[in-house]
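Enquirer: Could you have a look at this structure, given as structure tokens, before my questions?
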Amino acid sequence: MAAVLVLAAGVARAGVEATDDFGERVVLERPARRVIALTGAVNETLCGMGLSGLLAARTDADQEPAEVAALPSIGTHMRPNLELVLAQKPDLVVQLAGRGESLEAAAAIRRMGIPVAVFDVHDFEGLFSMAERLGALTGEPEAAARFVTGLRQRLDRVSEMVAGADKRPTVFVELRYPNLLAAGKDSMAADAVARAGGRLVPDAPGRVARIGEEELVRIDPDVYVVEVGPMNPAPTALADRPHFAGLTAVAAGRTAVFTGRKLSRPGPEGVAGVEDLARLLFPERWAATGGRP
């Protein structure tokens, strides 16, 4: 979704405004100086922009980066404690869309008179757009521009490294096992795989795809990636799944374990995920760069 940015001249004296991914105009009398992010990806983005000092609180699950862990907690991503939110006196709350409860939480906070921006990020362009709008709302557009430029340059270097490859390896990203769930084509992981020179399988709509093991055998990916995260906190090692031994990826040893921060989470660590994927998919090309794409 295209970003809509408005930053008034002389932000120290005038208001700031941006439109979120649901068409809500977020208008502040002055740049935000107390921000509560209801998701770790936004914390990581603001920290990456050098704006960690603006964060006023965190959710229970957010223990990283280190500067976030010391902040008071206001509950969970989908069920924040409204009294605790209000007590922190934020001038901006930021939420990421997900299940309906996350939007309900945003609406409840808006009803208390607190400005809320909700973003729906499922690819890197969406991440960059969110960062630019956060830069507008905090009066820090230059910090946002530096952040976005740095990440784009790293992605461009990966793109140059994988350009002209003879084959785009097929990549399966496991989100949960057992009761197998995979990343779908509308996910952050799908964009990461594509930017690393691979092709995500299955080619299923949505961010998450339910898949039977018979279908997995039919797909037979070149590379198998296990994502460790809330849905897959302690996955069984692939070597300990005898029925996976015949998969091309497993037999060839082309497997890897990634954290959700590097694949599914729409934050700056996703760029490191693209770099790691490119190294996995094209080891010879990576080696030729001296380990720096």
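The values are calculated or read from the model by the stated rules, or taken from the named source; none is laboratory data. This structure is a prediction, so every number in the text was calculated from the model and none was measured. Backbone-built Cβ (ideal geometry, glycine too); neighbour counts: all protein chains shown.
Enquirer: Which of the following residues is among the β-branched types (Val, Ile, Thr) and more than 25 Å from Ser264 (Cα to Cα): Val85, Val68, Val94?
Expert: Going through Val85, Val68, Val94 in turn, the sole match is Val85.
Enquirer: Among the residues in the stretch 108-116, are any on the phi < 0 side of the Ramachandran plot, within 18 Å of the chain's Cα centre (by Cα) and among the aliphatic types (A, V, I, L, M)?
Expert: Checked against the condition, which is being on the phi < 0 side of the Ramachandran plot, within 18 Å of the chain's Cα centre (by Cα) and among the aliphatic types (A, V, I, L, M), the stretch 108-116 yields no hits at all.
Enquirer: Give the residue, chosen from Thr76, Thr45, that is within 22 Å of Gly270 (Cβ to Cβ) and in the same structural domain as Leu134 (by the TED database).
Expert: On the way: Thr76 fails: within 22 Å of Gly270 (Cβ to Cβ).
Answer to the check: Thr45.
Enquirer: Let me spell it out: the conditions are (1) small (Gly, Ala, Ser); (2) in contact with a Gly (Cβ under 6 Å, 6 or more places away or on another chain); (3) on the phi < 0 side of the Ramachandran plot, and Gly206 meets all of them except one. Which number is the exception?
Expert: (3)
Enquirer: Kindly provide the set of residues from the stretch 215-271 that are closer than 25 Å to Asn43 by Cβ and surrounded by fewer than 16 Cβ atoms within 10 Å (Cβ to Cβ), ordered by number.
Expert: Listed by number, the residues that qualify are Pro230, Pro233, Ala234, Val257, Thr259.
Enquirer: Turning to a different aspect of this structure: Looking for whichever is charged (D, E, K, R), surrounded by fewer than 15 Cβ atoms within 10 Å (Cβ to Cβ) and either over 16 Å from Ala117 (Cα atoms) or in contact (Cβ under 8 Å) with a residue 40 or more places away in the chain (or both) here; the options are Arg34, Arg25. Which one fits?
Expert: Just one listed residue meets the conditions, Arg34.
Enquirer: Oh, and also: Of all residues being of a type in the set (S, T, N, Q) and under 14 Å from Asp222 (Cα atoms) in the stretch 246-293, which is farthest from the chain's Cα centre (by Cα)? Just the residue, please.
Expert: That would be Thr248.
Enquirer: Just one of Pro141, Pro90 is buried (at least 16 other Cβ atoms within 10 Å of the Cβ), of a type outside the set (D, E, K, R) and in contact with a helix residue (DSSP H, G or I) (Cβ under 8 Å, 6 or more places away or on another chain); which is it?
Expert: When all the criteria are applied, what remains is Pro141.
Enquirer: For the stretch 73-87, which positions are under 10 Å from Ile36 (Cβ atoms) and surrounded by fewer than 16 Cβ atoms within 10 Å (Cβ to Cβ)?
Expert: Leu84
Enquirer: Residue check: is Pro65 in contact with a Cys (Cβ under 6 Å, 6 or more places away or on another chain) and either surrounded by 23 or more Cβ atoms within 10 Å (Cβ to Cβ) or farther than 22 Å from Ala97 by Cβ (or both)?
Expert: Against the criterion (in contact with a Cys (Cβ under 6 Å, 6 or more places away or on another chain) and either surrounded by 23 or more Cβ atoms within 10 Å (Cβ to Cβ) or farther than 22 Å from Ala97 by Cβ (or both)), Pro65 qualifies.
Enquirer: Hey, another quick one. Checking Glu214 against (1) under 22 Å from Ala272 (Cα atoms); (2) of a type outside the set (Val, Ile, Thr); (3) in the same structural domain as Arg261 (by the TED database), which single condition isn't satisfied?
Expert: Unmet for Glu214, out of (1) under 22 Å from Ala272 (Cα atoms); (2) of a type outside the set (Val, Ile, Thr); (3) in the same structural domain as Arg261 (by the TED database): (1).
Enquirer: Got a sec? Which of Arg99, Arg157, Arg152 is touching a Pro at 6+ places or on another chain (Cβ under 6 Å), surrounded by fewer than 23 Cβ atoms within 10 Å (Cβ to Cβ) and more than 17 Å from Leu82 (Cβ to Cβ)? Steps first, please.
Expert: Working: Arg99 fails: touching a Pro at 6+ places or on another chain (Cβ under 6 Å); Arg152 fails: touching a Pro at 6+ places or on another chain (Cβ under 6 Å).
When all the criteria are applied, what remains is Arg157.
Enquirer: Name the residue that is nearest to Tyr224 (Cα to Cα), counting only residues in the stretch 268-279 that are aliphatic (A, V, I, L, M) and in contact with a Lys or Arg (Cβ under 7 Å, 6 or more places away or on another chain). Please lay out each step first, then the result.
Expert: Let us first name the residues in the stretch 268-279 that are aliphatic (A, V, I, L, M), namely 271-272, 274, 277-278.
Of the ones still in play, those that are also in contact with a Lys or Arg (Cβ under 7 Å, 6 or more places away or on another chain) are 271-272, 274.
On the way: Val271: 19, Ala272: 18, Val274: 15 Å.
If we take residues in the stretch 268-279 being aliphatic (A, V, I, L, M) and in contact with a Lys or Arg (Cβ under 7 Å, 6 or more places away or on another chain), then Val274 is nearest to Tyr224 (Cα to Cα).
Enquirer: Right, next: Quick one: is Arg133 in contact with a strand residue (DSSP E or B) (Cβ under 9 Å, 6 or more places away or on another chain), among the basic types (Lys, Arg), closer than 21 Å to Gly50 by Cα and in contact (Cβ under 8 Å) with a residue 12 or more places away in the chain? Break it down stepwise before answering.
Expert: Details: in contact with a strand residue (DSSP E or B) (Cβ under 9 Å, 6 or more places away or on another chain): yes; among the basic types (Lys, Arg): yes; closer than 21 Å to Gly50 by Cα: yes; in contact (Cβ under 8 Å) with a residue 12 or more places away in the chain: yes.
Spelling it out, Arg133 is indeed in contact with a strand residue (DSSP E or B) (Cβ under 9 Å, 6 or more places away or on another chain), among the basic types (Lys, Arg), closer than 21 Å to Gly50 by Cα and in contact (Cβ under 8 Å) with a residue 12 or more places away in the chain.
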